[in-house]
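Undergrad: My questions all concern the structure below.
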Amino acid sequence: MHDNDAESLRAAGRRRLLPPITDPNWLVLRARRKQFSRWLNELPLQNATVLDVGGRLQPYRELLPESCRYWSVDLRPTALLSTIADAGSLPFPENTFQLVICTQMLEYAPCPQQVVNEIHRVLAPGGTLLLSAPSIFPRDSEYDRWRFFPAAYRSLMSQFSDLEILAEGGTVAGFMRTTAVFARTSARYDALRLALDLTFVPVLNALGALGDKILGARDGTFTVNYSVRARK
């Protein structure tokens, strides 16, 4: 099966929404799903117009009512996209969307402020942006440019009327996730990666979840990813 066919992309998106505990990113993906679900449940989304910026996989589409009109943009053409477009120059009129979703793409943008400005422009008054981006993660491509902390979000999104920034796990979860990612990316052989996925990675994920449950996620010294809700 080709990696870019619709079925493969939907399966990859679902694994991001509901990752197995063998996934090194399980801790942050689980936290993001919970936070996005809560935010979405607070919004009147029946028949809403939704834009997914960087929407190659669309993992959070499943959390929306079927009545939503869903648009997705990315620079790379795939079977699920509505439009090929640069996030810094969105091909939509002002005040078009009630909801914009933008997950794990801002770190690749040449100018993050331009992307945020464009999202603000196409959001309708009272519309909501749900965004996530890393604060700690290994460089994963030649286009990877940025990492973001709460002060950066407050600066980038100063034009929004309301802003909520939540850590996708505290220091314990962040440390365990980073260790899991490092171990897996350092493994040279498929057999070793599989062994890590079935043994070491689940243990680290369980320890990270337990650590955050006991100590809470208040300490953000080693938070590795943030979820953001911004209202126009």
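We did not get these values from a lab; they are worked out from the coordinates using the rules stated. Since we're looking at a predicted model, the values are computed, not measured. Every residue, glycine among them, receives a Cβ derived from its backbone with ideal geometry; neighbour counts consider all protein chains shown.
Undergrad: Starting from the Cα-Cα distance between F149 and S37, subtract it from 0.36 nm times their residue separation and give me the gain in nm to one decimal.
TA: Length gained, F149 through S37: 38.1 nm.
Undergrad: Related question: Which of the DSSP-defined H helices in the chain satisfy a minimum axial length of 20 Å, computed from C-alpha atoms, and a minimum mean Kyte-Doolittle hydropathy of 1.0?
TA: Passing helices, by number: 200-215.
Undergrad: Rank F200, Q98, P65 by how far each Cα sits towards the positive end of the charge dipole of the chain (+1 on Lys, Arg Cβ; -1 on Asp, Glu Cβ) and give me just the farthest.
TA: Value: F200.
Undergrad: For a quick check: sort M105, M157 by the number of other beta carbons within 10 angstrom, fewest at the front.
TA: Least crowded to most crowded, the residues run M105, M157.
Undergrad: Right, something else. Using 0.36 nm per residue, how much length does the chain from S67 to A206 gain when fully extended, once their Cα-Cα distance is taken away?
TA: 46.4 nm
Undergrad: Here's something else I'd like to know. Please say if segment 153-198 is rounded, prolate or oblate, where rounded means a/c under 1.5 for a ≥ b ≥ c the square roots of the C-alpha gyration tensor eigenvalues, and otherwise the choice is prolate for a/b larger than b/c and oblate otherwise?
TA: Prolate is the answer for segment 153-198, as a/c is 1.5 or above and a/b outweighs b/c.
Undergrad: Ok, one more. If I take every Cα pair under 8 Å that is 6 or more residues apart in segment 1-63, average their sequence separation and divide by the length, what percent do I get for the relative contact order?
TA: Contact order relative to length: 44 percent.
Undergrad: Using a Gaussian network model of the chain whose springs link C-alpha atoms within less than 10 Å, name the residue from P77, P93, P112 with the highest mean-square fluctuation.
TA: So, out of P77, P93, P112, the one fluctuating most is P93.
Undergrad: Another question, if that's okay. For segment 1-58 and segment 86-106, compute the distance between their C-alpha centroids and round to whole Å.
TA: Answer, in whole Å: 17.
Undergrad: Using amide H atoms built 1.01 Å from N in the peptide plane, name the residues 5+ places from F149, or on other chains, whose amide H lies under 5 Å from its own.
TA: none
Undergrad: A further question follows. 222 nm [θ] for the chain, helices only, -39500 (n - 2.57) per DSSP H run of 4+, per residue, to 500?
TA: -11500 deg cm²/dmol
Undergrad: Ok, one more. Running a GNM on the chain with Cα contacts under 10 Å, which residue among L43, L27, L129 ends up with the highest mean-square fluctuation?
TA: L43
Undergrad: 7 Å from Cα along Cα→Cβ at both L75 and N117: what's the point-to-point distance in nm?
TA: 1.8
Undergrad: Can I ask one more? Taking the Cα centre as origin and putting +1 on Lys and Arg beta-carbons and -1 on Asp and Glu beta-carbons, what dipole magnitude results for the chain, to the nearest 20 debye?
TA: The dipole of the chain has a size of about 460 debye.
Undergrad: Another question, then. Exactly which chymotrypsin sites (Phe, Trp or Tyr not before Pro) in segment 61-143 are in a DSSP loop and have at most 12 other Cβ atoms within 10 Å?
TA: Passing sites in segment 61-143 are Y143.
Undergrad: Just to check, using Stokes-Einstein with a Kirkwood Rh over alpha carbon pairs, what's the diffusion coefficient of segment 43-160 at 10 °C and 1.306 mPa s in µm²/s?
TA: 109
Undergrad: Let me ask another. Please list, in order along segment 223-230, the HN-Hα scalar couplings obtained from phi with the Karplus expression 6.51 cos²θ - 1.76 cosθ + 1.60 (θ = phi - 60°), rounded to whole Hz, x for Gly and Pro.
TA: Values per residue, Gly and Pro as x: 5, 9, 7, 10, 9, 9, 10, 10 Hz.
Undergrad: What are the chymotrypsin sites (Phe, Trp or Tyr not before Pro) within segment 173-232 that DSSP puts in a loop, where the Cβ has at most 14 other Cβ atoms within 10 Å?
TA: Y189
Undergrad: Tell me which GluC sites (Glu not before Pro) from segment 106-156 have a DSSP coil assignment and no more than 10 other beta carbons within 10 Å of their own.
TA: Hits after loop and neighbour filter: E142.
Undergrad: If you don't mind, another one. To the nearest 20 debye, what is the magnitude of the charge dipole of segment 156-232 about its Cα centre, counting +1 on the Cβ of each Lys and Arg and -1 on the Cβ of each Asp and Glu?
TA: Roughly 100 debye, rounded to the nearest 20.
Undergrad: Which residue fluctuates most in the GNM of the chain (Cα springs below 10 Å): S82, S37, S141?
TA: The residue with the greatest mean-square fluctuation here is S141.
Undergrad: Here's a follow-up. Could you grab the relative contact order for the chain? Cα pairs under 8 Å, six or more apart, rounded to a whole percent.
TA: Relative contact order here is 23 percent.
Undergrad: Using a 7 Å offset from Cα along Cα-Cβ at N95, what residues in segment 122-159 end up with backbone N under 11 Å from the label point?
TA: Residues passing the 11 Å test: 124-126.
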